[in-house]
1. Return yes when residue A:379 is in contact with a helix residue (DSSP H, G or I) (Cβ under 6 Å, 6 or more places away or on another chain), within 20 Å of residue A:314 (Cα to Cα) and within 14 Å of another protein chain (Cβ to nearest Cβ) and no when it is not.
2. Can you find a residue that is within 21 Å of the chain's Cα centre (by Cα) and farther than 22 Å from residue A:268 by Cβ anywhere in region A:354-369?
3. With the structure loaded, tell me whether residue A:175 is in a helix (DSSP H, G or I), buried (at least 24 other Cβ atoms within 10 Å of the Cβ) and either aromatic (Phe, Trp, Tyr) or more than 9 Å from chain B (Cβ to nearest Cβ) (or both) or whether it fails that test.
4. List the residue pairs whose Cβ atoms are under 6 Å apart, where the first residue sits in region B:452-465 and is under 13 Å from residue B:239 (Cα atoms) and in a helix (DSSP H, G or I), the second is at pLDDT below 95 and not hydroxyl-bearing (Ser, Thr, Tyr), and the two are 6 or more positions apart or on different chains.
5. Test each condition in (1) within 19 Å of residue B:323 (Cβ to Cβ); (2) out of contact with any helix residue (DSSP H, G or I) (no Cβ under 9 Å at 6 or more places or on another chain); (3) away from chain A (no Cβ under 11 Å) for residue B:168 and report the one that comes out false.
6. Can you tell me how many residues in region A:200-224 are over 28 Å from residue A:409 (Cα atoms), buried (at least 16 other Cβ atoms within 10 Å of the Cβ) and not aliphatic (A, V, I, L, M)?
7. If we keep just the residues of region A:378-396 that are closer than 18 Å to residue A:240 by Cβ and of a type in the set (Val, Ile, Thr), which is surrounded by the fewest Cβ atoms within 10 Å (Cβ to Cβ)?
8. Suppose the filter is assigned by TED's automatic domain parsing to the domain that holds residue A:215, crowded, with 24+ Cβ neighbours inside 10 Å and modelled with pLDDT of 95 or more; does residue A:155 pass it?
Protein chains: 2
Amino acid sequence: MLSRISIKYFSRTYKASLNKDTIPSSIIRSEYAVRGAIAEKALKMQRQMEDEVKFPFEKIIQLNIGNPQNLGQKPISFNREVLASCLTNDIEGSRMIFSSDAVDRAEYYLSHFKHRAIGAYTDIQGVRCIMREVKSFIEKRDGVNVDENNIFLTNGATEGITFMLNLLIKDENDGIMIPIPQYPMYSALITKFEGTQVPYYLDESKGWGMSFEELERSYAEATDKGINVRSMVVINPGNPTGQVLAQEDLNRVIQFAHDKQIFLLADEVYQRNIYVDKEFCSVRKAIKELGSPYDNDVELASFHSLSKGLHGECGLRGGFLELHNIDSVVNLAIYKFKAVASCGNIIGQIGVGLMANPPTKDTVSKEVFDLYQTQEQHIHDGLKYRANLITEKLNSIQGITCNEIEGAMYAFPQIKLPQSYCDLAHQEGLSPDLKYCLEILDKTGIMIVPGSGFGQEEGTYHFRITNLVDSKSEMIKALDRIGEFTSDLMSLYK
Amino acid sequence: MLSRISIKYFSRTYKASLNKDTIPSSIIRSEYAVRGAIAEKALKMQRQMEDEVKFPFEKIIQLNIGNPQNLGQKPISFNREVLASCLTNDIEGSRMIFSSDAVDRAEYYLSHFKHRAIGAYTDIQGVRCIMREVKSFIEKRDGVNVDENNIFLTNGATEGITFMLNLLIKDENDGIMIPIPQYPMYSALITKFEGTQVPYYLDESKGWGMSFEELERSYAEATDKGINVRSMVVINPGNPTGQVLAQEDLNRVIQFAHDKQIFLLADEVYQRNIYVDKEFCSVRKAIKELGSPYDNDVELASFHSLSKGLHGECGLRGGFLELHNIDSVVNLAIYKFKAVASCGNIIGQIGVGLMANPPTKDTVSKEVFDLYQTQEQHIHDGLKYRANLITEKLNSIQGITCNEIEGAMYAFPQIKLPQSYCDLAHQEGLSPDLKYCLEILDKTGIMIVPGSGFGQEEGTYHFRITNLVDSKSEMIKALDRIGEFTSDLMSLYK
């Protein structure tokens with residue numbers, strides 16, 4: 001990391017006031033594996049490649065992060081036509097090059113702004129007509145009634161999650177239950193807000209399933225240590241684990257939360273990324289169908305995003321947060337956070353509207369609808385194909401075992417690294433899985449993330465890999481290179 | 001505020017876990033005047049108007065917030081053509097309706113993305129080619145050398161300011177010097193991070209000038225109380241005060257910061273909004289020209305934004321942060337904050353590139369350049385005209401005195417409210433300036449913000465008003481209505 005920064009010499013008598021001793025220690029401690037050591041090394045290599053330093057591969061392949069368009073996924077034409085039309089000063093010009101359905105949709109949004117000015121700050125919670133699109137989306141999906149005032153449009157799901165964790169953590173006695181392995185944004189934010197992680201382990205031997213004995217164990221262990229367990233995070237479909245939770249699993253989570261009177265956080269950003277014969281069930285829906293008293297009691301914040309699903313518009317930064325069964329102070333607090341942070345960016349907001357309220361047979365021409373469907377189907381088919389490919393290929397590599405990718409965009413395979421390799425890693429001050437991932441990057445240009453950043457059972461090693469390379473042959477080549485590297489490693493250290 | 005939220009009844013035995021006693025108290029305490037009571041009342045009125053409730057005015061006029069496009073300011077065509085072209089999947093189509101210079105510029109940006117995918121996450125600090133545009137912008141403006149690694153592209157200036165204050169405040173013993181009156185985002189963030197405000201008063205009788213005796217007094221008073229003064233905020237041009245600081249003033253601020261070894265935060269988002277014969281000087285430039293030891297020592301973070309200036313693209317959420325003379329841990333810490341928050345939205349980032357590197361005579365056709373210049377000039381002329389108009393009109397109202405608006409987008413006039421009116425306000429539990437602003441909203445539909453949210457000398461009352469209504473006649477009418485209301489008030493309570 002420090003290599004990015006030119007060294008600074010202050011004059012002899014002067015000491016920088018802001019230094020490692022004066023910044024909050026939580027910031028020194030916080031780590032964010034997905035964008036950590038591997039990303040830093042790759043950035044350095046990228047710069048060297050630009051300076052024509054030679055490597056034994058043509059390019060760096062980012063299988064480390066859920067960033068579909070960076071790997072060739074195309075944006076959905078209808079959405080981009082709407083967004084481009086909203087931005088231009090000449091919407092009649094847009095009609096010359098875009099479908100009239102898209103331009104009409106842009107007109108719909110523009111008509112909700114004074115002076116048609118999408119360059120203005122919106123209301124703090126978001127543009128009202130888009131909040132209503134989100135409300136209808138949830139109502140249709142879950143068969144519930146949604147209060148639109150409990151919806152906040154955010155810059156990606158991350159912003160909403162940040163607000164909630166900030167609110168749920170007063171000090172280090174406050175604990176947040178997170179799955180292990182988990183998405184490291186959670187651990188980074190819990191550290192930042194100086195709370196305590198309360199890990200519950202997913203069962204790798206049962207397809208990364210959730211065990212309710214484990215939830216009870218986790219809660220009891222934390223409580224015994226004097227930790228006040230405030231909340232539990234559910235990531236469904238799982239990141240990095242790719243499992244899809246059944247409604248009965250969710251029911252038990254809800255009953256658990258009710259029993260302990262804790263707040264549920266439902267990270268459901270991968271709800272459209274399912275590749276097996278299972279249906280996504282939101283926590284909101286499961287609560288509704290469980291009925292009283294859960295439906296009146298269990299406190300819930302759910303998150304969704306424009307970055308994942310089939311649109312993959314990470315760069316636009318759009319998402320939403322929906323609150324359910326909350327004390328009014330919670331809405332007010334989120335409102336205050338958002339007021340200071342300012343409204344979500346408008347292109348992300350409109351993107352969320354398009355995700356929540358996609359074109360249908362009844363609202364657009366057959367041609368536009370067919371293209372939309374074809375594009376989404378193509379993306380889904382590619383994700384599914386590569387999900388299967390990854391599981392199959394990885395399981396054929398000696399030393400690697402990989403659960404089926406049921407959903408999301410990742411596999412989290414286990415690798416049984418030889419003891420002598422682990423010893424060497426420890427001598428070098430590296431966790432063995434980090435050493436493995438760094439060496440793969442070095443030798444093949446492929447970026448994958450060590451399991452240690454996500455959490456894993458003591459003594460086991462994993463990595464996270466995405467199913468996002470749009471080119472089939474490139475995905476196969478990448479998996480083959482990981483296979484070759486691993487085989488060589490296994491022979492060398494056996 | 002609570003009126004927005006439907007009342008929630010939990011079942012009798014259940015108590016919401018997240019409630020006023022369990023959320024961090026700093027969130028309960030934090031207030032954000034610009035989007036506070038006035039904004040809430042107006043939102044309620046707006047809804048009533050939609051339900052055809054009658055008011056003694058046609059519409060609500062938002063003079064409370066620096067939101068130019070909401071009041072009729074048009075976006076710059078060139079910029080919007082570039083942004084729209086970047087978003088479309090069919091850039092050749094764009095050539096049919098946009099200037100080829102704009103499409104070429106879009107091509108330039110797209111060529112810096114793998115697969116031309118602007119829908120991908122960018123690097124954490126931002127798109128490298130845009131960071132370089134910002135670097136050149138600062139170098140040309142200030143005659144300095146900028147390390148591009150010290151630039152972060154952010155969602156507006158707010159995000160960068162939030163990072164810096166988070167970093168500068170460990171606990172309540174850490175003090176941040178802020179001007180009074182100040183932009184209330186500062187006080188809200190200092191409260192949120194549980195630090196201490198250290199106010200230094202601007203001198204209203206000297207055109208809201210800065211007094212160095214006052215800086216010393218403020219610092220000494222805080223230090224005497226055991227506060228560790230960590231940083232000083234300079235807002236130039238001033239918000240809400242509209243003054244433009246001379247380079248000599250900045251020199252003394254820099255010497256003060258060096259003497260006390262404190263970190264400078266320079267909020268320079270209004271650098272292009274100057275309406276008098278003064279030139280903007282950045283803190284960065286003043287440091288450079290002061291020379292050694294200041295140029296090697298004084299720690300600085302400077303902020304700029306796409307929301308203000310002549311583009312006024314608040315909804316796009318773009319801005320940047322530049323660091324100077326920092327310990328490397330500061331860059332790393334900001335990098336970590338930004339990694340967890342995710343990259344700035346791409347449309348905001350490209351908007352910042354367009355602001356930093358506008359079209360010139362040498363880079364675009366005469367036609368495109370002339371249109372760009374004409375549009376910017378029109379916006380500047382309007383802002384300047386209305387700045388003068390506001391000062392003149394307000395000073396003609398009995399009981400109101402208003403300093404010249406040298407820059408930014410606001411006047412902060414003083415109003416001498418009659419004692420009996422103040423007594424009545426206190427009986428109602430309102431600060432007198434809030435009562436005044438609420439009543440103006442009630443009677444005229446005009447939104448202005450009470451001075452108490454910005455801070456003001458004890459016993460004085462002010463309000464903030466923007467110079468942003470694009471229509472001349474509407475601006476005049478609004479000022480006349482404020483005048484009539486105030487005259488009536490003065491007669492009634494004299």
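1. Working: in contact with a helix residue (DSSP H, G or I) (Cβ under 6 Å, 6 or more places away or on another chain): no; within 20 Å of residue A:314 (Cα to Cα): yes; within 14 Å of another protein chain (Cβ to nearest Cβ): yes.
It is false that residue A:379 is in contact with a helix residue (DSSP H, G or I) (Cβ under 6 Å, 6 or more places away or on another chain), within 20 Å of residue A:314 (Cα to Cα) and within 14 Å of another protein chain (Cβ to nearest Cβ).
2. The first filter runs over region A:354-369 and keeps only residues within 21 Å of the chain's Cα centre (by Cα), leaving A:354-356.
This time we only want the ones that are farther than 22 Å from residue A:268 by Cβ, so: none.
No.
3. Numbers: in a helix (DSSP H, G or I): no; buried (at least 24 other Cβ atoms within 10 Å of the Cβ): yes; either aromatic (Phe, Trp, Tyr) or more than 9 Å from chain B (Cβ to nearest Cβ) (or both): yes.
No, not satisfied.
4. Once the first residue is under 13 Å from residue B:239 (Cα atoms) and in a helix (DSSP H, G or I) and sits in region B:452-465, its partners that are at pLDDT below 95 and not hydroxyl-bearing (Ser, Thr, Tyr) give B:453/B:33; B:453/B:184.
5. (3)
6. Here the count works out to 1.
7. Taking the candidates together, the pick is A:391.
8. On the way: assigned by TED's automatic domain parsing to the domain that holds residue A:215: yes; crowded, with 24+ Cβ neighbours inside 10 Å: yes; modelled with pLDDT of 95 or more: yes.
Criteria met by residue A:155.
The values are calculated or read from the model by the stated rules, or taken from the named source; none is laboratory data. The structure displayed is predicted, hence computed values, not measured ones. Don't worry about glycine lacking a Cβ; one is built from the backbone with ideal geometry, like all the others, and counts go over all protein chains shown.
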